[in-house]
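The values are calculated or read from the model by the stated rules, or taken from the named source; none is laboratory data. Values in this document were obtained by computation on a predicted structure and should not be read as measured data. All Cβ positions, glycine included, derive from the backbone under ideal geometry; neighbour counts span all protein chains shown. Areas reflect the complete protein model, heavy atoms only, side chains present, ligands, DNA and RNA absent. Shrake-Rupley method; radii C 1.70, N 1.55, O 1.52, S 1.80 Å.
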Amino acid sequence: MYALKDCLQGIFDFINGKTHMGCEIKSEIRSERKYMPMHEKYMRMALELAEKARGRTNPNPMVGAVLLKDGQIIGQGYHKKAGTPHAEIHALKEAGEKAKGSTLYVTLEPCSHYGRTPPCSEAVIKAGISEVFVAMQDPNPLVAGRGIKLMTDAGIKVNVGLFEKEARELNEVFIKYITQKTPFVLLKTAMTLDGKIATRTGHARWITGSAAREHVHRLRDQLDAILVGVNTVITDNPALTSRLPEGGRDPIRIILDSQARTPVDSLVLTQDSDAPTYIVVTDQAPQVRVKSLSEGNAKILRINSDKNGRIQLNNLLLSLGQLEITSLLVEGGATVAAAFLEEQLVDKVLTFIAPKIVGGADAPTPVAGHGVEFMDRALCLSRTKSGKIGEDFFIEGYPEYNE
């Protein structure tokens, strides 16, 4: 088995040019344009500040800001939570009167509209800032360049595009949600080296090691909601909570259950958790079972069924967007994964590969469904990253759907 691990490790090292260790997945920050190292240094700092609030700003974006004057940082900050001051305001407050004539580095275009807080672009102008570096334009149609124009019209020199790629990756959840009004969907699977998610008897605990499992719990803490099918609830009775050493926030639980078969005594309904559980049913679900679930701790979400009696996933995502659920972690099972992929609703894939072999022609695999007939029709991932977390390997990337 050690030889198998070493072989797999060598393959990943060859792909990456080095070994990735630990639980963090980070990309090297590169600028697509030529900027002075000084500017890159402070925008990198702003990106790192924004990262501190991952999973806590929804439905707002993560934003970091740094104010520089005479080679010294005079103010910095990041947006911590929706409804609280934005990153620029924190930085301006820290700088005080020193802000006049300074340079601002901010990861996202300062807003120009009155939302839960006043517009930041006006605050920047009022503070007398002389130059602004913006990583990316705000994709929000309410802003979309207006903040940049306001600052430019006020005589501020505005530079756009420093670390834009990294800024877009940082806020990929926000970009999807604000432009399409549906949550960003991350499909997570875990399998053995021979592609199994359980043995032929259905035993599945545990495929991956503790480090990979902790990383998944961190994702649950950062994303708004987690989704599984009712068969996973019936078979495994999962908690679907975030269990981290330092504590964490439980995701909203979404159960696909067209016929309302979720047991009323299942953990997703009876455990002590601040996050609600939504049971998604169709109009074909027996009303007596729906009533039983609704009288308990379940929230019922009714979605129309398709011609096969299954939940219309696209309509489900629209409904979740209306609930301000900006991100969704799809965890199981194989039939659910296949349905999301077949309907081209997955935005990103994360797969863990454990260096162990189960065998068995009848042992289940991560994605069920009919599958493709020819290899050239297989769904490919782009912008892939790979590495190692504990004893397990991971691959993540973005689906390139065939037309």
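Glu246 fails exactly one of the following numbered conditions: (1) of a type outside the set (Lys, Arg); (2) more than 17 Å from Gly397 (Cα to Cα); (3) touching a residue at least 24 places away in the same chain (Cβ under 8 Å). What is the number of that condition?
It fails just one condition, (3).
Return the only residue of Thr241, Thr270, Thr208 being on the phi < 0 side of the Ramachandran plot and under 18 Å from the mean Cα position of the chain (by Cα). So that I can check it myself, show each step before the final result.
On the way: Thr270 fails: under 18 Å from the mean Cα position of the chain (by Cα); Thr208 fails: under 18 Å from the mean Cα position of the chain (by Cα).
Sole residue among the options that is on the phi < 0 side of the Ramachandran plot and under 18 Å from the mean Cα position of the chain (by Cα): Thr241.
Under 8 Å between Cβ atoms, which residue pairs at least 6 apart in sequence (or on different chains) link something in the range 282-311 that is part of a loop (DSSP other than H, G, I, E, B) with a partner that is open to solvent by 50 Å² or more (accessible area, probe 1.4 Å) and aliphatic (A, V, I, L, M)?
Listed by first residue and then by second, the contacts come to Gly296/Val264.
Which residues, counting only those in the range 180-189, are open to solvent by less than 20 Å² (accessible area, probe 1.4 Å) and part of a loop (DSSP other than H, G, I, E, B)?
Hits for the range 180-189 are Thr182, Pro183.
Within the range 26-36, is even one residue closer than 29 Å to Ile125 by Cβ, at pLDDT 95 or above and either part of a loop (DSSP other than H, G, I, E, B) or open to solvent by 90 Å² or more (accessible area, probe 1.4 Å) (or both)?
No: zero hits.
Within the range 326-353, can you find the residues that are part of a loop (DSSP other than H, G, I, E, B) and open to solvent by 30 Å² or more (accessible area, probe 1.4 Å)?
Glu343, Gln344, Asp347
Evaluate the following for Arg168: is it closer than 23 Å to Asp250 by Cα and without any contact (Cβ under 8 Å) to a residue 60 or more places away in the chain? Step through it out loud before you land on a result.
On the way: closer than 23 Å to Asp250 by Cα: no; without any contact (Cβ under 8 Å) to a residue 60 or more places away in the chain: yes.
No; evaluated as a whole, the condition is false for this residue.
Hey, could you check the range 143-179 for residues that are farther than 20 Å from Gly64 by Cβ and not in a helix (DSSP H, G or I) and say which is most open to solvent (accessible area, probe 1.4 Å)?
Lys157
Of all residues being without any contact (Cβ under 8 Å) to a residue 24 or more places away in the chain and among the aliphatic types (A, V, I, L, M) in the range 362-403, which is least open to solvent (accessible area, probe 1.4 Å)? Just the residue, please.
So the residue we want is Ala378.
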